[in-house]
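K.L.:
I have a structure here, written as structure tokens, and I will follow up with some questions on it.
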Amino acid sequence: MKTTIPLIIVLVGGIIGIIFQFIPHEFVQTINDEILNYFRVLSFFALPLGIVSILMVHTGKIRRKAQHWQYSIILILTIFFMIVTGFVFGTDRFDPRLANYGWNTIFMFMFQQVQIPIESTMFSLLAFYISTAAYRAFRARSKEATILLVASLIVMLGQVSVGQMIPIIGDYIPVISNWIMSNPNMAAKRGILLGVALGMLGTSLKIILGIERAYLGRA
Amino acid sequence: MLAVDKPNDKGDQINVMWPPVKEKIRIDFLQIFQKNKSKENLLIENLADKISGKEKDDNILYYDLFRKNLGTGKMEYINRFQSFITNYRDQRQSFKDTKNKLEGYKKMLREQPTYKYYIRAISPLYYSKVTESKPAKMQGQWFNMEKIIALIAMMVITASLFYFIRKAKSDASLYIRPLAGLKEIDNAVGRATEMGRPILFVPGLSSIADIATIAGLNILAGVAKKAAEYDTPLFVPLRDYVVLPIAQEIVKSAYSEVGRPDAYKEQSVFFVSPSQFAYVAGVAGLMAREKPATNFFMGMFWAESLILTEKGNEEGCIQIAGSDAETQLPFFITTCDFTLIGEELYAASAYISKDPLLVGSIKAQDLDKLFIIGCIILGTLLTTLAELLTYPALNFFKMLFPVQ
Amino acid sequence: MKSFYERIMHIDRRIIYAIIMIVVLIPLIWSLNLKTYHTEPITKIYNRLEQNHKNAKKNGVKPKPVFMCVTYGGSAKPELHPMTRSVLRHCYLRGIPVISFAFEPEAAKIAEDIMDEVAFEYGAVYGKDYACFGFKYPPLPLILGLGTNAKEALKEDVRGNKYEDIPVMHGIRTYDDIDLLFDFSASASWMTWVVYAKSRFNQDIAVGLTGVMVSQAYPYLETGQLVGILTGLKGAAEYEDYLMKMEKETEYSSMREKNLKVYLTLTQANITPTSKNYVDIAERLLRNTPEGEFEKKLKDYYDIAQNLYYKKYFAKELSARESKAKNDAEKKSLLNDILSQNQDKVKELDYLFLKDFKKKYNDLLATSISENKRAMVGMDAQAIAHVVIILFILIGNIGFFLSKWR
């Protein structure tokens, strides 16, 4: 029973979804839009589950006095700080009460001056990680690895103006780099994409027909 | 002038086309006047002698388009178009914008959205005669003919799926190519057990609507079962709160399936943050503190992929990744020990469960792929031929494989 | 004791991180001014906007507007923000109207901020030279709606003005009335534009993408489905180079520096700021505006800013009275009533406003000079980083061959 009902819902929902793809009539499309709206609304009901989950993990850590439990206190405090400031002061760009001083609302201040810089910082770590990954990975261990190494060096030089400054071969580097990117690279990518598209179709069909059901928790 | 219902739509558009006006005009009479201070018109120049009777190409500047709703009799001005534009797709207001949707829909049906179109050309010297179209009705279609190829392809794929599933049921020896990454899952879990360190599983950062996430969760079911058997701690941090209860259910039932429901800890499957890089920070921190022996990254990833895997590499973890994000695959391949590329990720759950139904479906997909490769080669050849030779019969193929 | 080749084969990652950090920091402190080479995808976009400007100048009309869809959050901001800034600078400089919207709430705020910031610097006026429609969701109805009825699709801007009340939107009915559409995207939204806006409505599209995404977009450039691509930070640097040359040609940058000097001498000489002095400074800033229109434009700009300032200050009183007001006409006159009742306060406010205005102006001019070269400086750093990574790869390989040879 516990698996049959979800499977029936998946089957019916899936078949309706497929049929709706082929019927452009306004009557059907309106129903489709409504269903999608409900999906969007329903998904937000799962948000409290997420918050409860994160609170449980961290209150557990504080109770156990696990390693670095002090950070968990900061995490819980910031969660509530953001929720409260959002509700009390609003999420507008300007708080009328602070506007005389040209200040943002506290929520927007936290968002713009704290969250965006932190996210940018995390993103910029990529530069460091790419360098170590490239240093380790590009070794001419075999014939194929050598080809990969040479191609990568050309593309790296082609992406920046330094490549063009090299005498004699400088003019050709961006051209070769472009060729590598738009021919061998593109061909491989398209091959993967076609496989992915077909795999998606097959997996979707398997899910709709109830053949693939591991995601329900019961294989 | 032509006005026809747009085919394959929901019934709110009409295609309007008009022939470009190319008339010659004959000038018989041209005089230039100027107003003086007492506002009398004074004749300055009479050009009639110079240009009378000469023909000149008319220089159309604009077209003005109007429409008349035959239901209500209302006449509306639509727009002014540049002279090189000779078609327009007219759209009526969506009934959804009215406050009561049902009322709006009834009104729309009652009003009979049949329109008649009028066009008039404007040149510097004159307005042309108004041309009118035949009445056209906005009709919604019940089948989109543009998608007929998609329907046929879907039917072929479904049929092949059913065929191979039946075959797999009767014949258990269907061969599918082994995947290196999947063979290693057992070893990787075993290694974590030997070292007495936990396993980390990330089912991608996308929502449950993404097939890659479902594929990742399917693999999680297999990994969780093995982790439960060996009694190795498992961490599943999540970014999407809709995936959270599903992942919890999967891990829980994996533990009870091997007969150790008591060993399952709800806190091992947990939500981190919906923000991409906050999630990365959380998972990287987890790797630094808990020092997992094995990391699995199965699902959809974006720019965070390299940060996750390189951190795992720094901690000396065995890493197995699988993703259909082709921009992130290079990062996975350089930093992970094994990588499932693209559709291999989807196929993984068949390998793990060895369920004949799933194995059959893989076989079916391979056949479909062969079919599609055949279509691509044939289509490329025929359309190329059609371009090179002007043989009319080949034009059919150009139509069959339209280039968009 | 490890042998030499073992050591260069396994360099500690912390050393690599440190070296990368140092070489990236150097160009940010001392400008290297490496030469910027121009590539086709960027040149096409630049020429397209220039053509728009030239055509308008020839026919004596206002240039056709451009749409700008901003779809990136904080994480992709360092890479995509400089190109958004460059395109905005180009548009404001050439008087091309810009209309923006976003498919993500985070991006909507980013778009609004950058538009206001650059507008202040280039003297563009909200509603006349640009408009911001903020967060629109879901994307598809908007993309299709712009092809049939833009007014219905966009409805209201971020400041609560109705579409028909915004002067810059007058005459924009569909894609036919705009020149180019930009999509600055860290997601796949640009594909949706190509599929719907290009193939259905034949709207010309230019995209700004992050470096890793660029290779996906190249085939669309070849088929002509895209007018051009701003290729990550590199593309932004090329665009900045173009703009720098253009500003030099139009003597814009030298004028701006002079403005700064005039302004600084004014403040140092402790001359009381009067509106006349302010006009003097701003006149040079706004020298791209056609003659005769300038005074009006400046006054509008000043009035709008001042009105906002008053509104913010009297917000509490205003909202209290607004709830009591009976009709719209009464609501409109509320601010004037309050101002006339508080004459003394208004004088003080006027002075404070001018002070604030000048401070903001000063800050902006000082930072904008570095902001306008942000991508070029970034590319210098990237070029050096590439070279260093290549060196590391070569060192690793030398170690590998030495170990094999032994």
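K.L.:
Counting only residues that are within 14 Å of chain A (Cβ to nearest Cβ) and in a loop (DSSP other than H, G, I, E, B), which one in the range C:49-96 is surrounded by the most Cβ atoms within 10 Å (Cβ to Cβ)?
P.N.:
C:Tyr72
K.L.:
Follow-up. Within the range B:339-358, can one find any residue that is under 26 Å from A:Ile118 (Cα atoms) and of a type outside the set (Ser, Thr, Tyr)?
P.N.:
Checked the range B:339-358: no residue is under 26 Å from A:Ile118 (Cα atoms) and of a type outside the set (Ser, Thr, Tyr).
K.L.:
Need pairs with beta-carbon distance below 8 Å; first residue more than 8 Å from chain A (Cβ to nearest Cβ) and within the range C:390-406, second at pLDDT 95 or above and surrounded by 17 or more Cβ atoms within 10 Å (Cβ to Cβ); sequence gap 6+ or separate chains.
P.N.:
From residues that are more than 8 Å from chain A (Cβ to nearest Cβ), there are no pairs.
K.L.:
So, in the range C:368-389, exactly how many residues are in a helix (DSSP H, G or I) and either surrounded by fewer than 18 Cβ atoms within 10 Å (Cβ to Cβ) or not aliphatic (A, V, I, L, M) (or both)? Working first, answer last.
P.N.:
So the first thing to find is which residues in the range C:368-389 are in a helix (DSSP H, G or I), and the list is C:368-371, C:374-389.
Filter once more, keeping what is either surrounded by fewer than 18 Cβ atoms within 10 Å (Cβ to Cβ) or not aliphatic (A, V, I, L, M) (or both): C:368-371, C:374, C:378, C:380, C:382, C:386-388.
Qualifying residue count for the region: 11.
K.L.:
Now a separate question. Just the residues that are touching a helix residue (DSSP H, G or I) at 6+ places or on another chain (Cβ under 6 Å), modelled with pLDDT of 90 or more and either small (Gly, Ala, Ser) or surrounded by fewer than 18 Cβ atoms within 10 Å (Cβ to Cβ) (or both), please, taken from the range A:97-150.
P.N.:
A:Ser131, A:Ala133, A:Ala134, A:Ala137, A:Ala140
K.L.:
In this structure, does B:Gln328 turn out to be closer than 22 Å to C:Ser185 by Cβ, in contact (Cβ under 8 Å) with a residue 60 or more places away in the chain, assigned by TED's automatic domain parsing to the domain that holds B:Leu200 and surrounded by fewer than 22 Cβ atoms within 10 Å (Cβ to Cβ)? Talk me through it step by step, then tell me what you get.
P.N.:
Numbers: closer than 22 Å to C:Ser185 by Cβ: yes; in contact (Cβ under 8 Å) with a residue 60 or more places away in the chain: no; assigned by TED's automatic domain parsing to the domain that holds B:Leu200: yes; surrounded by fewer than 22 Cβ atoms within 10 Å (Cβ to Cβ): yes.
In short, no.
K.L.:
Also, quick follow-up: Restricting to the range C:218-241, what's the tally of residues that are outside any loop (DSSP other than H, G, I, E, B) and either basic (Lys, Arg) or buried (at least 21 other Cβ atoms within 10 Å of the Cβ) (or both)?
P.N.:
Number satisfying all stated conditions: 14.
K.L.:
Filter the range B:220-251 down to residues that are at the interface with chain A (Cβ under 9 Å from one of its Cβ atoms) and in contact with a Gly (Cβ under 7 Å, 6 or more places away or on another chain) and give me whichever is nearest to B:Ala188 (Cα to Cα).
P.N.:
Among those that are at the interface with chain A (Cβ under 9 Å from one of its Cβ atoms) and in contact with a Gly (Cβ under 7 Å, 6 or more places away or on another chain), it is B:Ile250.
K.L.:
Would you point out the residue of the range A:132-148, among those that are within 7 Å of chain C (Cβ to nearest Cβ) and part of a helix (DSSP H, G or I), that is nearest to C:Val214 (Cα to Cα)?
P.N.:
Here the residue is A:Ala134.
K.L.:
I would also like to ask the following. Just to be sure I understand, how many residues within the range C:153-171 are under 22 Å from the mean Cα position of the chain (by Cα) and farther than 20 Å from C:Ala108 by Cβ?
P.N.:
1
K.L.:
Return the residues of the range A:37-67 that are in a loop (DSSP other than H, G, I, E, B) and facing chain B (nearest Cβ under 8 Å); say none if nothing qualifies.
P.N.:
A:Ala46, A:Gln67
K.L.:
Examine the range A:69-82 for a residue that is modelled with pLDDT of 90 or more and within 23 Å of C:Ala108 (Cα to Cα), and state whether such a residue exists.
P.N.:
yes
K.L.:
In the range A:182-205, is there at least one residue being modelled with pLDDT under 85 and either more than 25 Å from the chain's Cα centre (by Cα) or buried (at least 18 other Cβ atoms within 10 Å of the Cβ) (or both)?
P.N.:
There is at least one residue in the range A:182-205 that is modelled with pLDDT under 85 and either more than 25 Å from the chain's Cα centre (by Cα) or buried (at least 18 other Cβ atoms within 10 Å of the Cβ) (or both).
K.L.:
Go through the range A:151-171 and give me each residue that's at pLDDT below 90, part of a helix (DSSP H, G or I) and surrounded by fewer than 20 Cβ atoms within 10 Å (Cβ to Cβ). First the steps, then the outcome.
P.N.:
Start the filter on the range A:151-171 by keeping residues that are at pLDDT below 90, which leaves A:158-171.
From what's left, part of a helix (DSSP H, G or I): A:158-159, A:161-165, A:169-171.
If the condition is that a residue be at pLDDT below 90, part of a helix (DSSP H, G or I) and surrounded by fewer than 20 Cβ atoms within 10 Å (Cβ to Cβ), then A:Gln164, A:Met165, A:Ile169, A:Gly170, A:Asp171 are the ones that fit.
K.L.:
Separate question: crowded, with 21+ Cβ neighbours inside 10 Å, on the phi < 0 side of the Ramachandran plot and more than 22 Å from the chain's Cα centre (by Cα): which single residue out of C:Ala150, C:Ala186 fits that description? Quick ask: steps written out before the conclusion?
P.N.:
Details: C:Ala186 fails: more than 22 Å from the chain's Cα centre (by Cα).
Selected residue: C:Ala150, the only one of C:Ala150, C:Ala186 that is crowded, with 21+ Cβ neighbours inside 10 Å, on the phi < 0 side of the Ramachandran plot and more than 22 Å from the chain's Cα centre (by Cα).
K.L.:
I'd like to check which helices (runs of 4 or more DSSP H) are fully inside the range B:253-338 and have at least 2 residues that are farther than 24 Å from B:Tyr241 by Cβ.
P.N.:
Working: elements: B:276-290, B:305-314, B:329-335.
Qualifying helices (runs of 4 or more DSSP H): B:305-314, B:329-335.
K.L.:
A further question on this structure: Considering only residues of the range B:136-188 that are in contact with a helix residue (DSSP H, G or I) (Cβ under 7 Å, 6 or more places away or on another chain) and outside any helix (DSSP H, G or I), which is surrounded by the fewest Cβ atoms within 10 Å (Cβ to Cβ)?
P.N.:
B:Ala172
K.L.:
Still on this structure: Collect the residues in the range B:189-204 that are closer than 20 Å to A:Glu212 by Cβ and either charged (D, E, K, R) or in a loop (DSSP other than H, G, I, E, B) (or both), keeping them in residue-number order.
P.N.:
Matches in the range B:189-204: B:Pro203, B:Gly204.
K.L.:
Just to verify a result, which residue in the range A:1-36, among those that are under 23 Å from A:Thr203 (Cβ atoms) and facing chain B (nearest Cβ under 8 Å), is surrounded by the most Cβ atoms within 10 Å (Cβ to Cβ)?
P.N.:
That would be A:Phe22.
K.L.:
Turning to a different aspect of this structure: Please pick out the residue among B:Thr384, B:Thr339 that is more than 8 Å from every other protein chain (Cβ to nearest Cβ), among the hydroxyl-bearing types (Ser, Thr, Tyr), surrounded by fewer than 23 Cβ atoms within 10 Å (Cβ to Cβ) and at negative phi.
P.N.:
Step by step, each of B:Thr384, B:Thr339 is checked, and only B:Thr384 is more than 8 Å from every other protein chain (Cβ to nearest Cβ), among the hydroxyl-bearing types (Ser, Thr, Tyr), surrounded by fewer than 23 Cβ atoms within 10 Å (Cβ to Cβ) and at negative phi.
The values are calculated or read from the model by the stated rules, or taken from the named source; none is laboratory data. Since the structure is predicted, the reported quantities are computational estimates derived from the model, not experimental observations. Heads up, the Cβs are rebuilt from the backbone with ideal geometry, glycines too, and the neighbour counts pull from every protein chain shown.
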